[in-house]
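Okay, so here's the structure we're looking at.
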Amino acid sequence: MMDELLDLTVGPVAHGGHCVARLPDGQVVFVRHALPGERVRAAVTERRRGYLRADAVEVLQPSPDRVEEPCKYAKPGRCGGCDWQHATPEAQHELKTAVVRELLTRIGGFTVAEVDDLGVRVEPLPGGPLGWRTRVQYAVDAAGRPGFRKHRSHDIIPIDRCLIAHERIQEAPVTDRTWPVKGGGVEVVASSCGDLTIFTRPRGGRTPRLVSGPRLVRERAVGREWKIDATGFWQVHPAAPDALAGAVLDFLQPRPGERAWDLYGGAGLFAAALAPALGPEGRVTIVESSPGGVTAARRNLADLPQVRVVAGDVGTVLGNPRWRSVDLVVLDPPRAGIGREVVAAVTARHPRAVAYVSCDPAAFARDVATFRERGWRLSKLRGFDAYPMTQHVELVGLLTPVS
Ligand SMILES: C[S@@+](CC[C@H](N)C(=O)[O-])C[C@H]1O[C@@H](n2cnc3c(N)ncnc32)[C@H](O)[C@@H]1O
């Protein structure tokens with residue numbers, strides 16, 4: 001059954017790195033390795049109630065946006081890491097823009113006219129579509145070989161070189177040997193200041209073990225040098241921290257003396273960007289749940305007297321009524337977004353503006369819908385291609401109270 005072939009006319013892009021096609025009976029097929037408008041022959045990979053998944057294995061009529069995938073692994077049945085290697089960079093930005101627009105209408109409840117007014121366009125970051133990724137996690141197979149997982153599968157495809165990885169990661173002595181962490185992972189970090197660190201993660205996510213390089217890698221962002229634990233969170237595109245922080249500052253327009261919260265703050269990137277504008281009378285409070293993030297924020301922002309770091313879950317911390325009003329809020333949650341409880345807790349403190357940084361446009365659209373229910377509007381939106389060749393995108397939205 002899985003070898004069943006379908007001849008399809010490919011329709012619009014959808015969230016998830018695929019396009020939508022329909023069979024003559026109306027059945028939906030999510031097709032990977034295809035582009036809107038193409039005629040393709042596709043092999044069925046999965047049958048679900050209500051839809052099929054398929055991979056385009058032959059292109060009968062190509063899109064003008066199609067190019068040869070630069071990577072030999074970016075093919076049907078091989079590495080599942082990249083989704084759009086077969087599209088020009090410009091077409092990738094258009095595909096991602098279309099996905100953001102579609103999610104804002106379907107999940108966010110926006111009209112097409114409202115989405116048009118926002119004028120969102122996913123913008124490239126400096127650097128090309130290859131060689132950008134500064135943090136790479138290889139999965140290690142049963143023979144100890146590093147590789148990446150197939151799409152929607154636990155199977156690992158051993159690889160010798162990942163072309164979207166930073167050149168120093170491609171050259172690192174990782175893919176030419178086996179690793180004694182079968183079922184675990186080997187990870188490489190190439191920091192913006194030139195550090196290269198390799199560590200392994202045993203199966204089951206147990207404590208990482210440093211193999212080579214410094215445990216604390218140096219990064220440069222928002223005019224500062226940072227020391228970040230190689231195993232902790234940092235944006236994977238080297239241009240992302242400055243681009244996102246720049247958009248947040250531009251949207252929030254912080255004023256001297258204001259109070260701000262940097263929620264899901266990690267090492268405190270946005271707090272560090274806000275602090276100089278708030279001046280000595282201002283205050284920024286970071287809320288971060290992971291002990292590593294809290295340590296990183298305390299270590300890196302010790303010279304900024306107006307920054308305070310609170311360890312804890314955002315929902316629990318804001319559940320405390322002693323957290324009263326605030327002027328500005330930055331939200332930068334993990335993929336799941338913030339949810340209704342945190343939207344309610346933030347809007348109840350009447351900030352004049354909220355900057356929402358998101359790596360999942362579906363969760364973002366859902367949370368923005370909750371803000372809108374509570375009398376807020378999405379005033380501005382920018383999208384950044386912080387993950388070229390993949391389906392992923394980074395959004396920064398400005399939310400303001402309507403009255
Ligand atoms: C996308 S990262 C953003 C980090 C930081 N803003 C940056 O740009 O480097 C999300 C952060 O939220 C933290 N986090 C996840 N769930 C949380 C929660 N419920 N409460 C507080 N922090 C949380 C994670 O540990 C992580 O540091």
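The values are calculated or read from the model by the stated rules, or taken from the named source; none is laboratory data. Only a predicted model underlies this, so the values are computations on that prediction, with no experimental measurement involved. Please note: Cβ atoms are built from the backbone with ideal geometry, for glycine as well, and neighbour counts cover all protein chains shown. Keep in mind that these areas ignore ligands, DNA and RNA; they rest on the heavy atoms of the full protein, side chains included. Shrake-Rupley method; radii C 1.70, N 1.55, O 1.52, S 1.80 Å.
At-a-glance table
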item	result
Heavy-atom accessible surface of the chain: percent carbon and sulfur, 1.4 Å	51
Within segment 135-229: Cβ-based charge dipole about Cα centre, in debye rounded to nearest 20 (Lys, Arg +1; Asp, Glu -1)	360
Under-26-angstrom lysine pairs by C-alpha in the chain, whenever the two are 8 or more apart or on separate chains	9
In segment 1-92, GluC sites (Glu not before Pro) in a DSSP loop with at most 12 other beta-carbon atoms within 10 Å	Glu4, Glu68
Computed E for Arg66/Arg220 - FRET, C-beta separation, R0 30 angstrom, nearest 0.05	0.20
0 to 90° range, to nearest 10: angle between helix 89-106 axis and the chain longest Cα axis	70
Surface accessible to a 1.4 Å probe, per residue, for the residues of the chain, Å²	44
Dipole of the chain, positive direction: furthest Cα of Gly205, Val368, Pro124, with charges on the beta-carbon	Gly205
Counting DSSP beta bridges with both ends in the chain, the antiparallel % (nearest 5)	70
Nearest-20 debye value, segment 247-403 charge dipole, Cβ charges on Lys, Arg, Asp, Glu	440
Debye intensity ratio in log₁₀ form over the Cα atoms of segment 191-339, taken at each q of 0.13, 0.14 Å⁻¹	-0.60, -0.70
Contact order normalised by residue count of segment 135-229, Cα under 8 Å, 6+ apart, percent	22
Hz values of 3J(HN,Hα) by residue in segment 118-126 - Karplus curve (6.51, -1.76, 1.60), Gly and Pro given as x	5, x, 5, 9, 5, 9, x, 9, x
Computed label-point distance, nm, for sites Arg106 and Arg322 using a 7 Å Cα→Cβ extension	4.5
The chain - percent relative contact order, Cα under 8 Å, separation 6 or more	13
Accessible surface ranking that places the most exposed of Asp250, Asp25, Asp195 first, with a 1.4 angstrom probe	Asp25, Asp250, Asp195
Per-pair calculated FRET efficiency, R0 = 56 Å: Ser403 and Asp160 via Cβ, rounded to 0.05	0.45
Amide N proximity, segment 238-269 versus Arg308 label position 7 Å along Cα-to-Cβ, cut-off under 13 Å	259-262
Among beta bridges that DSSP assigns inside segment 1-66, antiparallel share in %, nearest 5	80
For the chain, alpha-carbon Rg and Dmax in angstrom	22.1, 67
Rounded FRET efficiency, nearest 0.05, which uses the C-beta distance separating Tyr51 from Thr295 and R0 of 56 Å	0.80
Folded to 0 to 90 degrees: helix 291-300 orientation relative to the chain principal axis, Cα	60
In degrees, nearest ten, helix 269-278 long axis to first principal axis of the chain (Cα)	30
Stretchable slack from Ser379 to Ala336, in nm (0.36 nm times residue separation minus alpha-carbon distance)	13.2 nm
Segment 135-229 - Debye-derived log10 I(q)/I(0), Cα point model, q = 0.10, 0.16, 0.23, 0.24 Å⁻¹	-0.27, -0.66, -1.17, -1.24
Phi-based couplings in Hz for segment 37-50 (Karplus 6.51, -1.76, 1.60; Gly and Pro marked x)	x, 7, 9, 9, 9, 10, 9, 5, 10, 7, 10, 10, 5, x
Ranked order, Phe233, Phe30 - accessible area, probe 1.4 Å, largest first	Phe233, Phe30
Rounded to the nearest 20 debye, dipole of the chain from Cβ charges on Lys, Arg, Asp, Glu	1200
